[in-house]
Structures are given as structure tokens and as C-alpha cells.
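Enquirer: Below is the structure I would like to discuss, written out as C-alpha cells.
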């Protein structure tokens, strides 16, 4: 992209605001930072800015918009719906990864305050030994994903079976608006943290907004005591409907941390990756050191996860209690119920390993043979999950010949929350690695797959299937997180909602410089 004299002037102002080494114009870096999992945006940013303080962030935003450039916030970069991929020229990507401090931990008043670029692994480690954690404490990609990004996307996974998405955990925000002003919401105030918001609270206007209203600077999350005991349970099912009905009926059960399901294709993918012998020994050792771990470790077959070979479908649960005995009692109750519903106990390696170190390296950005991976999701009401998944499978079955010819496979993951099940179809296909992949995959993955050839036909098919999957889920009333530039949004608003939304954006961003194109999908 050729930069105009206006852009050069803006770059100078941005360098003055944040320092010259924190304004990136290198074409290769721009490409990797402005691609997400689904691919590039429609435009390339003028630059990427990495402020390292709140003041620098405010100055950078004001310098960009004051130079008639738009601002696009970026967190850890793990999205797949275009939330930070520019859709028009003249954009500055604001990367918050250097705003990563834990500002305050207050156990007495049950909150933690972090900068937006703090990732979930850092937050988790900062709270280690305190006996407290946020109720919803991060996505699977938390070693990379930031707290600010998760709030913008309304993410979930760890703790979600009871706590739901991150929305219920956020109690205050600091937002840099399009003109550089700082807006504080919820419990965050210039003179400290207060017990409750004083009057109406704006906090949740900015939760799930995908950066449409401003750039998140700091986040306050509520804390709760970490449960004193945990247990784990995995159950095989031969019948998909029985498993999905059982999962939905677990909603609201006390002590559930995570509850997720796999299908046969997921089992095959896991087995194809085959954890090494050294990793298996390490896993068994970790399991044995935990309360009750020796008995559970004995259930782990010598070939690691080979027990999945004979399982059509599987459900995996982490269960919490006041102490180990309490958690074990809850586990036994749940196992008996799931067995009555057609399940059979499996070794609990998967949920146990998942919790042993919640935020390990992100290695699942490629399939087991280096395939590209692209997920899509819908939050579906408990009563509609079974029919939704059936219709997804039926829709994909009608395209099975095309998919087989192109080498496209799919899985369907489900994750339980208190009032819904997140249904996540995931597509895999052979294709070249994008700049996003090259920036995030492991060195071994890059060594093995960096020369994979382009496969445009399969790529176009997957993107078409992804749209069809959204339409299928939406027919069952699905809602979506990380709406970005992909999921339908404006067409779902009433006339009054549309007008209020417009007025809010005008009030906070009269020149329409904050993340143009986000939340504008029909």
C-alpha cells in the first residue's frame, strides 16, 4: 500500500505518541498482524501501533483519528470473524499486547484489575496461591488470547458450565474513545475501585462489542474462592442424540466447571496427533500427584488416548466441590446419571489434562496433517441443541461428495453454559499456510507444512460451508459471540434498537473512526 503525504504525517504523530519502534510499517509484519484465522481483511492497515502505557494509547488513538485515519483494536489475534481485520483503507491497527500488566489484586474486596493486553495465562499465574479466581476464567487459547480481546468477543470455556461467558465476570472497564478520551465504567473510577456502579452502568455496552465503541485499556473482573476440590469424568456414548440431551440436562448442576463433547472425527484427529511417550509419562505423573490421582492414573491406557478409538462420541467434565471428597461425590452422582442415559465411563485423561495446565501452547491452529482449520459457532438454547446439530449434519451430508473431493473434513464440538450450548462446527482442509499461521504455529508445524500448496477450491468451499452452517444454526435461534465482520447483526435489531445503536455510535464516535465495518453485517 502506497502511503500518501497525509499518512506520512500521521505516522510521525504516532511515532511521537508511542515511540518510533512501536509503530510498525514492515509489510510482512503488517500482513501477519492483520490476518485472523479466517484470513485477511479487505484492506491493509497503514501501520500497527503498540502503545505501552495508557497515556500512549490515548495519544495514539487521538493522533490517528485526528489525522483522518480509522482505528482498529487488536487483542491476542485468535479470532476468526474479522474483528480486527480492516475492511477499508486508512486504518491504524492498535495492538494492545504491550499493555499487559496486572494492575491490582484485591482479595479483600474480591476483584482483579488488569490491562487489556494481559493474557489469561498471566492472570491465572498472578492469582496462583491466592485461593481466588474469576468465575469465567478464559478461553482455551488463553496463553495468547488477551483479557481485553475476550471481553470484546464475550468468550468462554474455563468455568463456563456454571459461570457462562466472560460477560458475567466483568465489573468495570476503562475505554479509550475515538477522540482519545478515557471513559470509565462499572466499579472503575479515577479515585480507585468502588463497591458498586453509581447509578446506571455502561459496562456491558462494551462487552461483546468487538471493539466497535472504543479501545479497551483496563478491565476489572470479580473474583470468587477457588473450589477446594476437583474431579474429572469422561463418558462415551454410541448415540449422539442421547449425549446432546444429557449434556443439555446438566445445565445448572452445581459444581460443573467445563462440560464439552467430541465426535468421532475429533477422536480421529486427537489420535492422529498421538501424544509422545514422554508426554504420556508426564501426564500420568501429574495425574498421580493430585488427590485421588493414583486410581485415576491407573485408568489411563498404555497407549495414551487409544481408548478413543472405540468411542463414537464422548463427553468430558471437570467437577468442583468444597474439597476432594465433595467433588468425588458429585462426580459419582453425575456418572451414575450419564450411565443411566446410555453412557459408559472412559478414562478421564482429556478433562484432567485440560485442567492440569489450562493455558498451554496453542497447537490446534492446524489439523493433524497440517490442514487449515476454521471454526464457526452458534449459542443455541438448551431445548434446540439436538435438532440444530442434526440439521448441521444433514446440511453437510448434502455436500459430502464435494467435501471428499476437496479433502474437507469437519467436526462438531459442543460446550455447555448455564442457559445454552455452544455448538461449534470446525472445518479442516489441505491448503497453504497464511501469514497468520506462520506467526502462530509451532516451529515443528512450520517446518513440516510451510511449503503446502495453495488450494483455492477447497478454501472457497469451506467458506461457503461456514456460511451455510451459520444459516442452519440461525434457523434454530442461535446467537453469536465475536460477531466482528462475519456474523449477522444489524438485521437482528428492532427499529428502536437500530436507532439507539446509531445514536450511541454517533455520540462516542461522531466521525465514524472506530473500527468501521464491525457490527455492520446484515
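The values are calculated or read from the model by the stated rules, or taken from the named source; none is laboratory data. Just so it is clear, the structure is predicted and the values come from calculations on it, not from any experiment. Cβ coordinates were reconstructed from backbone atoms using ideal geometry, including for glycine residues, and neighbour counts include every protein chain displayed.
A quick yes/no check of all residues on (1) modelled with pLDDT of 75 or more; (2) in a loop (DSSP other than H, G, I, E, B):
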residue: 246; (1), (2): yes, no
residue: 252; (1), (2): yes, yes
residue: 259; (1), (2): yes, no
residue: 267; (1), (2): yes, no
residue: 282; (1), (2): no, no
residue: 296; (1), (2): no, no
residue: 300; (1), (2): no, yes
residue: 330; (1), (2): yes, no
residue: 333; (1), (2): yes, no
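Enquirer: Only one residue in 236, 220, 161 is outside any loop (DSSP other than H, G, I, E, B), out of contact with any helix residue (DSSP H, G or I) (no Cβ under 6 Å at 6 or more places or on another chain) and surrounded by fewer than 24 Cβ atoms within 10 Å (Cβ to Cβ), so which one is that?
Expert: Just a single option satisfies the conditions, and that option is 236.
Enquirer: Please determine, by comparing only the residues of the stretch 347-366 that are touching a strand residue (DSSP E or B) at 6+ places or on another chain (Cβ under 8 Å), under 18 Å from residue 261 (Cα atoms) and in a loop (DSSP other than H, G, I, E, B), which one is modelled with the lowest pLDDT.
Expert: Checked the stretch 347-366; the qualifying residue modelled with the lowest pLDDT is 364.
Enquirer: Being touching a helix residue (DSSP H, G or I) at 6+ places or on another chain (Cβ under 8 Å), in contact (Cβ under 8 Å) with a residue 40 or more places away in the chain, crowded, with 21+ Cβ neighbours inside 10 Å and part of a helix (DSSP H, G or I) narrows it down to one of 412, 385, 421, so name that one.
Expert: Being touching a helix residue (DSSP H, G or I) at 6+ places or on another chain (Cβ under 8 Å), in contact (Cβ under 8 Å) with a residue 40 or more places away in the chain, crowded, with 21+ Cβ neighbours inside 10 Å and part of a helix (DSSP H, G or I) holds for just one of 412, 385, 421, which is 385.
Enquirer: Then there's this: So residue 88 fits all but one of (1) buried (at least 20 other Cβ atoms within 10 Å of the Cβ); (2) touching a strand residue (DSSP E or B) at 6+ places or on another chain (Cβ under 9 Å); what number is the exception?
Expert: (1)
Enquirer: Could I ask something else about it? Filter the stretch 394-409 down to the residues that are in contact (Cβ under 8 Å) with a residue 24 or more places away in the chain and outside any strand (DSSP E or B), then identify the one that is farthest from the chain's Cα centre (by Cα).
Expert: Looking at residues that are in contact (Cβ under 8 Å) with a residue 24 or more places away in the chain and outside any strand (DSSP E or B), I get 402.
Enquirer: Can you find, within the stretch 173-205, the residue that is nearest to the chain's Cα centre (by Cα) among those that are at positive phi and at pLDDT 95 or above?
Expert: 186
Enquirer: May I pose another question? Can you find a residue that is closer than 20 Å to residue 413 by Cα, crowded, with 22+ Cβ neighbours inside 10 Å and not assigned by TED's automatic domain parsing to the domain that holds residue 423 anywhere in the stretch 164-176?
Expert: So far as the stretch 164-176 goes, yes, one or more of its residues are closer than 20 Å to residue 413 by Cα, crowded, with 22+ Cβ neighbours inside 10 Å and not assigned by TED's automatic domain parsing to the domain that holds residue 423.
Enquirer: Then there is this: May I ask you to say which residue of 10, 31, 17, 56 is touching a helix residue (DSSP H, G or I) at 6+ places or on another chain (Cβ under 6 Å) and buried (at least 21 other Cβ atoms within 10 Å of the Cβ)?
Expert: Checking each option against the conditions leaves just 17.
Enquirer: Given (1) in contact with a strand residue (DSSP E or B) (Cβ under 6 Å, 6 or more places away or on another chain); (2) crowded, with 22+ Cβ neighbours inside 10 Å; (3) assigned to a helix (DSSP H, G or I), where does residue 117 come up short, assuming only one miss?
Expert: Only one criterion is unmet by residue 117, namely (3).
Enquirer: So which of 156, 173 is in contact (Cβ under 8 Å) with a residue 40 or more places away in the chain and part of a strand (DSSP E or B)?
Expert: Exactly one residue qualifies, and that residue is 173.
Enquirer: Name the one entry in 83, 142 that is surrounded by 19 or more Cβ atoms within 10 Å (Cβ to Cβ), farther than 20 Å from residue 258 by Cβ and under 13 Å from the mean Cα position of the chain (by Cα).
Expert: 83
Enquirer: Where residues in the stretch 438-450 are assigned to a helix (DSSP H, G or I) and in contact with a strand residue (DSSP E or B) (Cβ under 7 Å, 6 or more places away or on another chain), which of them is surrounded by the fewest Cβ atoms within 10 Å (Cβ to Cβ)?
Expert: Per the stated criteria, the residue is 445.
Each row is one residue, and each column tells you yes or no for (1) outside any strand (DSSP E or B); (2) modelled with pLDDT under 95.
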position: 1; (1), (2): yes, yes
position: 16; (1), (2): yes, yes
position: 31; (1), (2): yes, yes
position: 56; (1), (2): yes, no
position: 63; (1), (2): yes, no
position: 71; (1), (2): no, no
position: 88; (1), (2): yes, yes
position: 97; (1), (2): yes, yes
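Enquirer: With the requirement that a residue be buried (at least 19 other Cβ atoms within 10 Å of the Cβ) and touching a residue at least 60 places away in the same chain (Cβ under 8 Å), what does the stretch 92-114 give you?
Expert: Answer for the stretch 92-114, where residues must be buried (at least 19 other Cβ atoms within 10 Å of the Cβ) and touching a residue at least 60 places away in the same chain (Cβ under 8 Å): 92, 93, 94, 95, 96, 99, 111, 112, 113, 114.
Enquirer: What is the number of the single condition among (1) buried (at least 21 other Cβ atoms within 10 Å of the Cβ); (2) in contact with a helix residue (DSSP H, G or I) (Cβ under 7 Å, 6 or more places away or on another chain); (3) closer than 25 Å to residue 316 by Cβ that residue 371 does not meet?
Expert: Tallying (1) buried (at least 21 other Cβ atoms within 10 Å of the Cβ); (2) in contact with a helix residue (DSSP H, G or I) (Cβ under 7 Å, 6 or more places away or on another chain); (3) closer than 25 Å to residue 316 by Cβ, residue 371 fails exactly one: (2).
Enquirer: Which residue pairs have Cβ atoms under 7 Å apart, sit 6 or more places apart or on different chains, and have a first residue in the stretch 333-357 that is at positive phi and a second that is in a helix (DSSP H, G or I) and modelled with pLDDT of 95 or more?
Expert: 342/242
Enquirer: Please state which one of 246, 212, 231 is under 30 Å from residue 93 (Cα atoms), touching a residue at least 24 places away in the same chain (Cβ under 8 Å), in contact with a helix residue (DSSP H, G or I) (Cβ under 8 Å, 6 or more places away or on another chain) and buried (at least 22 other Cβ atoms within 10 Å of the Cβ).
Expert: After ruling out the rest, the residue left standing is 212.
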